[in-house]
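The values are calculated or read from the model by the stated rules, or taken from the named source; none is laboratory data. Since we're looking at a predicted model, the values are computed, not measured. Methodologically, a virtual Cβ is constructed for each residue, glycine included, from the backbone with ideal geometry; neighbour enumeration extends over all protein chains shown.
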Amino acid sequence: MNKVLVDKKLLSILLKKTILFYGLKEKDLNLIIDLINTYKVFKKEKIILEGEKGQDIFVVLNGRINVYFEEGKKKIILKTLNPGDIFGEIGYFTKKRIASCVALEDSTIGVIKYKDFKKLILIKKDLFLNFIKVLISRLIETNQGVKKLAFKPVLYRIAEEILCNLNKEDNLDISIKELAEKVAASRETVSRMLKILEKIGAISRQKNNIKVLNKEKLLNLMKQ
């Protein structure tokens with residue numbers, strides 16, 4: 001990670017959009033801005049490693065970060081974080097990281113040291129309540145993710161992943177490898193499912209790009 005300077009006004013705008021700092025008074029927000037260290041991370045650069053010690057809190061300022069589990073050669077992507085998302089919050093309590101994080105593209109992140117954040121939540125009630133909201137939302141997301149892996153077929157998970165991550169042109173730039181990691185399936189299975197979606201006219205595919213031709217067909221697959 002390379003330390004960079006971010007304009008305070010821009011940083012204030014970015015932080016106001018996060019669930020953790022939403023609704024805070026301007027003076028409290030300025031106090032937080034003074035404590036945040038900002039860093040540039042490059043594509044594929046690892047930020048957090050599962051199992052390592054750490055209690056600092058991170059916020060995505062721009063770019064995208066993947067949160068994942070890895071065992072041997074198998075990787076499962078738990079979530080893709082976007083600007084305004086918080087990560088590292090579980091480590092604040094457990095004192096070690098329960099998942100790994102890597103930059104999906106060149107990104108900027110903010111880091112608040114554990115000791116600084118601890119002092120803040122002890123004296124700032126609104127910040128403490130927002131922190132609880134972050135933890136609750138993360139728990140709900142985790143529970144929903146486990147349910148999908150346990151009860152939803154791979155075709156459902158692929159259709160949902162495609163629909164939830166389309167750009168304005170109804171395209172999704174993603175490799176089979178990354179899609180397999182996101183839906184917790186083998187690359188062979190994902191490749192086979194994508195061929196089925198092509199065959200029924202729901203998508204077209206070219207290299208690492210998926211073009212949705214018929215959203216209704218994908219939605220119908222998710223209803224089955």
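General remarks:
- In this entry, residue 168 is excluded by the filter for residues that are modelled with pLDDT of 90 or more and of a type in the set (Lys, Arg).
- Residue match in region 107-116 (condition: touching a residue at least 12 places away in the same chain (Cβ under 8 Å) and more than 22 Å from residue 49 (Cβ to Cβ)): yes
- Among the residues of region 179-202, just one is among the acidic types (Asp, Glu) and under 24 Å from the mean Cα position of the chain (by Cα), namely 181.
- If the condition is being touching a Leu at 6+ places or on another chain (Cβ under 7 Å) and more than 23 Å from residue 11 (Cα to Cα), then region 68-96 contributes 68, 69.
- Test result for residue 69, under 19 Å from residue 132 (Cβ atoms), in contact (Cβ under 8 Å) with a residue 12 or more places away in the chain and either under 17 Å from the mean Cα position of the chain (by Cα) or assigned by TED's automatic domain parsing to the domain that holds residue 119 (or both): no
- Considering 42, 58, 21, the condition of being hydrophobic (A, V, I, L, M, F, W, C), in the same structural domain as residue 104 (by TED's automatic domain parsing) and more than 21 Å from residue 134 (Cα to Cα) is satisfied by 42 alone.
- Qualifying residue in region 153-165 (condition: at pLDDT 90 or above and in contact with a strand residue (DSSP E or B) (Cβ under 7 Å, 6 or more places away or on another chain)): yes
- Any hit, region 171-179, residues being aliphatic (A, V, I, L, M) and at pLDDT below 85: no
- The set of residues in region 50-67 being surrounded by 15 or more Cβ atoms within 10 Å (Cβ to Cβ), closer than 27 Å to residue 185 by Cβ and out of contact with any Leu (no Cβ under 6 Å at 6 or more places or on another chain) consists of 50, 63.
- Given (1) assigned by TED's automatic domain parsing to the domain that holds residue 19; (2) farther than 21 Å from residue 22 by Cβ; (3) β-branched (Val, Ile, Thr); (4) outside any strand (DSSP E or B), index of the condition residue 77 fails: (4)
- Among (1) over 23 Å from residue 145 (Cβ atoms); (2) without any contact (Cβ under 8 Å) to a residue 24 or more places away in the chain; (3) within 16 Å of the chain's Cα centre (by Cα) - the single one residue 17 does not satisfy: (2)
- Residue count for region 84-140, restricted to those that are in contact with an Asp or Glu (Cβ under 8 Å, 6 or more places away or on another chain) and on the phi > 0 side of the Ramachandran plot: 1
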